[in-house]
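What follows is calculated from the coordinates using simple rules that are stated; it is not laboratory data. This one's a predicted model, so the numbers in the text were calculated from it and none came from an experiment. Cβ coordinates were reconstructed from backbone atoms using ideal geometry, including for glycine residues, and neighbour counts include every protein chain displayed.
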Amino acid sequence: MRVVIGEDSVLFRRGLTLLLEDAGHEVVAAAGDAPGVEAAVAATSPDLAVIDVRMPPEGTDDGARAARRIRMVRPELGIVLLSQHVESRHSVELVASGRFGYLLKDRVLDVDDFLDALRRVAAGGSALDPEVVGRLIGGRGVRDPLDTLTVREREVLALMAEGRTNVGIARRLWLAERTVETHVGSILTKLGLPAGEEHNRRVLAVLTHLGTARR
């Protein structure tokens, strides 16, 4: 796996580089600021980018903004955000596109689990810390929010979580696109996602699925 690292802390950047190389991966570039990360990805075409949320030049959410711009250009690239805080403004859109992870630095307690999360994202999956999921869905879940869904609706939601469009889901399940649209509408309604958040109801449904799957 070829990896680009974006991290402004020299010690953390070097430590992450050594960890990945020791695990047999190739760190093709490491940058200390957001513009450097974007340039490194463009120059090296990696399989995965691991990016700190707060980076220079502004030291706010520069890394998350860089990740969003990178995703627009390289939708096939796995992206993992690392942070001590949960940033939701750009993360919701990244979750919706799949191949995305968001891990909190203070909660990464096992090296093997961390490396497995990186490999999973690079392969097209997701890796979200439960605290991140909880913050992004605004504490919406009930005891088991998926209990009300039918087996077919669960299948559709699982494919939504892979970042598939309605057309992609229809092809995978051998269904008409209109049927998939009906299932998606039913899922959003059953999960109690308010119409006032129409622009991200699909993402909230995916987050609910991911949060429940990790319990």
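Here are some notes:
- Nearest-ten-degree value, helix 201-213 long axis tilted from longest Cα axis of the chain: 80
- Least to most buried among GLU177, GLU7 (fewest other Cβ within 10 Å first): GLU177, GLU7
- The chain: angle of helix 62-73 to the longest principal axis, Cα-based, in degrees nearest 10: 70
- Ellipticity estimate at 222 nm from DSSP helix runs (n ≥ 4, -39,500 (n - 2.57)) divided over the chain, nearest 500: -15000 deg cm²/dmol
- Mean Cα-pair separation over length for the chain, i.e. relative contact order, pairs under 8 Å, 6 or more apart, %: 15
- Between GLU58 and ASP147, residue separation times 0.36 nm minus the direct Cα-Cα distance comes to 27.7 nm.
- Correct option for Cα Rg over 2.2 N^0.38 Å [calculated from the coordinates] among (1) 1.27; (2) 1.04; (3) 1.20: (2)
- Nearest-ten-degree value, helix 34-44 long axis tilted from longest Cα axis of the chain: 90
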